[in-house]
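The values are calculated or read from the model by the stated rules, or taken from the named source; none is laboratory data. Since the model is a prediction, treat every value here as computed from it, not as a measurement. As a convention, Cβ positions derive from the backbone with ideal geometry for all residues, glycine included, and neighbour counts pool all protein chains shown.
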Amino acid sequence: MGDEFNPTWRKVAATIYKKPVDSKVFGAVEVDITALEEFVSAKRKSGIKITLTHAFVLILARALKTDVPELNCYVKRGSLIHRESIDAMVSVLQADGGMSAILVKDADRLNFEQLAMQMSKEIIKSRAGNENDSTGAKNMISRIPWPFRNWVFWLYKMLTIDWGISVPFLGLNSNSFGSFLLTNIGSLGLDTGYPALMPASNISFVFVLGGVKKKPVVIADEVVVRRMMSLAVVLDHRLVDASHGGRLLRFIKYMIKHPEDIEG
């Protein structure tokens with residue numbers, strides 16, 4: 001099989017993803033983002049170049065800060081540890097069509113202007129090949145011949161995730177990948193999707209932004225056309241239950257209807 005079918009991430013994915021054995025909680029909802037899109041458009045006209053992805057980074061970070069702090073935990077040596085900060089991993093598309101991710105530190109403390117600047121810098125670094133901890137580990141694993149990379153990943157996962165031991169020369173530990181992962185598959189032309197929990201990330205959930213479409217909805221007993229977006233989430237059942245997902249989605253729905261409160 002040619003190398004075009006085995007880019008860096010595919011080699012790593014083939015190593016780390018196995019037949020599903022762990023319990024996960026999935027959820028999905030369709031929301032009216034008409035007000036949020038208008039808010040984003042107004043911000044862009046004011047000179048702050050944000051997208052829906054930026055808005056959801058802040059919404060999710062605020063949710064973990066105020067309403068669902070349980071989602072800002074990770075498992076270490078059989079116990080739940082609350083993170084000292086709320087850091088967001090955001091999937092980004094590389095110039096070659098591959099996927100990578102950037103880390104937005106202290107996302108809950110940022111406003112839209114600060115977030116746009118930080119994400120822009122991290123995306124430029126990522127596309128230039130400057131490796132963060134997760135990218136560096138991914139590239140290292142991809143360069144190891146099969147089946148040795150399976151063994152290396154198994155050892156890495158056992159040390160960092162299962163035993164909670166740091167790997168200093170890689171800059172990795174049981175809390176290296178942030179609080180959550182956000183990915184916008186709608187920008188790729190997909191309407192909705194159900195993600196996988198990255199086995200070695202120790203994040204509590206992956207949140208997916210789907211496609212946006214105009215649809216008829218009933219508001220105050222009248223049928224009107226609104227902009228609707230599909231959202232999906234997978235939660236680590238070791239950390240949370242479906243009730244936490246419900247609290248998260250309630251917070252999101254409120255912020256989508258009241259986007260002026262996101263920075264408040």
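Quick one: would you say L248 is under 15 Å from the mean Cα position of the chain (by Cα), of a type outside the set (K, R), in a helix (DSSP H, G or I) and under 25 Å from V40 (Cα atoms)? Give the derivation first.
On the way: under 15 Å from the mean Cα position of the chain (by Cα): yes; of a type outside the set (K, R): yes; in a helix (DSSP H, G or I): yes; under 25 Å from V40 (Cα atoms): yes.
So L248 fits the description; yes.
For residues in the range 73-88 being of a type outside the set (D, E, K, R) and at pLDDT 95 or above, which is farthest from Y254 (Cα to Cα)? Don't jump to the end; show me each part of the working.
Initially, the range 73-88 is screened for residues of a type outside the set (D, E, K, R), giving 73-75, 78-82, 85-86, 88.
Those still in the list that are at pLDDT 95 or above too: 85-86, 88.
On the way: S85: 24, I86: 20, A88: 20 Å.
The selected residue is S85.
Per-residue answers, yes or no, for (1) buried (at least 17 other Cβ atoms within 10 Å of the Cβ); (2) of a type in the set (V, I, T):
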| residue | (1), (2) |
| --- | --- |
| Y194 | no, no |
| M198 | yes, no |
| S204 | yes, no |
| V217 | no, yes |
| E222 | no, no |
| L235 | yes, no |
| K257 | no, no |
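Count, please, the residues in the range 164-200 that happen to be under 12 Å from the mean Cα position of the chain (by Cα) and of a type in the set (S, T, Y). First the steps, then the outcome.
As a first pass, look at the range 164-200 and keep what is under 12 Å from the mean Cα position of the chain (by Cα): 177-185, 195-198.
From what's left, of a type in the set (S, T, Y): 179, 183.
Total meeting the criteria: 2.
Considering only residues that are among the small types (G, A, S), over 20 Å from S176 (Cα atoms) and at pLDDT below 85, which ones fall in the range 113-147?
The initial filter retains those residues of the range 113-147 that are among the small types (G, A, S), namely 116, 120, 126, 128-129, 134, 136-137, 142.
Still in the running and over 20 Å from S176 (Cα atoms): 116, 120, 128.
Residue satisfying the conditions is A128 alone.
Pairs, please: C-beta under 6 Å, at least 6 apart or cross-chain, first residue surrounded by fewer than 18 Cβ atoms within 10 Å (Cβ to Cβ) and in the range 69-93, second modelled with pLDDT of 95 or more and not polar (S, T, N, Q)?
Close Cβ pairs (under 6 Å, with a partner that is modelled with pLDDT of 95 or more and not polar (S, T, N, Q)) amount to S85/D106.
Would you be able to tell me the number of residues in the range 30-68 that are among the small types (G, A, S) and either in contact with a Phe, Trp or Tyr (Cβ under 6 Å, 6 or more places away or on another chain) or surrounded by 17 or more Cβ atoms within 10 Å (Cβ to Cβ) (or both)? I'd like the intermediate steps shown before the answer.
So the first thing to find is which residues in the range 30-68 are among the small types (G, A, S), and the list is 35, 41-42, 46-47, 55, 61, 63.
Next, only the ones that are either in contact with a Phe, Trp or Tyr (Cβ under 6 Å, 6 or more places away or on another chain) or surrounded by 17 or more Cβ atoms within 10 Å (Cβ to Cβ) (or both) stay: 55, 61, 63.
Result for the range 30-68: 3.
What pairs can you find where one residue is in the range 167-196 and at pLDDT 80 or above, the other is polar (S, T, N, Q) and in a strand (DSSP E or B), and their Cβ atoms are less than 8 Å apart, with a gap of 6+ or different chains?
Once the first residue is at pLDDT 80 or above and sits in the range 167-196, its partners that are polar (S, T, N, Q) and in a strand (DSSP E or B) give L181/S91; L182/S91; T183/S91; N184/S91; G186/S230; D191/S230; T192/S230; P195/T183.
Among the residues of the range 175-216, write down those that are more than 15 Å from L71 (Cβ to Cβ) and assigned to a strand (DSSP E or B).
Hits for the range 175-216 are T183, N184, V208, L209, G210, G211, V212, K213, K214, K215, P216.
Could you run through the range 161-191 and say how many residues are of a type in the set (G, A, S) and surrounded by fewer than 20 Cβ atoms within 10 Å (Cβ to Cβ)? Walk me through how you get there before you give the answer.
Pass one, the range 161-191, residues of a type in the set (G, A, S): 164, 166, 171, 174, 176, 178-179, 186-187, 189.
Adding the requirement that they be surrounded by fewer than 20 Cβ atoms within 10 Å (Cβ to Cβ) leaves 164, 166, 171, 187, 189.
Residues flagged as of a type in the set (G, A, S) and surrounded by fewer than 20 Cβ atoms within 10 Å (Cβ to Cβ) within the range 161-191 amount to 5.
Find all pairs meeting these conditions: Cβ atoms under 9 angstrom apart; at least six residues apart or on different chains; first residue within the range 46-68 and at positive phi; second residue charged (D, E, K, R).
Correct list of pairs: G47/E113.
Just name the residue that is surrounded by the fewest Cβ atoms within 10 Å (Cβ to Cβ) out of those in the range 94-114 that are closer than 21 Å to T160 by Cβ and either of a type in the set (S, T, N, Q) or over 12 Å from the mean Cα position of the chain (by Cα) (or both).
The initial filter retains those residues of the range 94-114 that are closer than 21 Å to T160 by Cβ, namely 100-103, 105.
From what is left, the residues that are either of a type in the set (S, T, N, Q) or over 12 Å from the mean Cα position of the chain (by Cα) (or both) are 100, 105.
On the way: S100: 20, K105: 13.
Top of the filtered list is K105.
Within the bounds of the range 144-154, is there any residue that is under 27 Å from I33 (Cα atoms) and either touching a residue at least 12 places away in the same chain (Cβ under 8 Å) or not in a helix (DSSP H, G or I) (or both)?
Taking the range 144-154 as the starting set, the residues that turn out to be under 27 Å from I33 (Cα atoms) are none.
No, the range 144-154 has no match at all.
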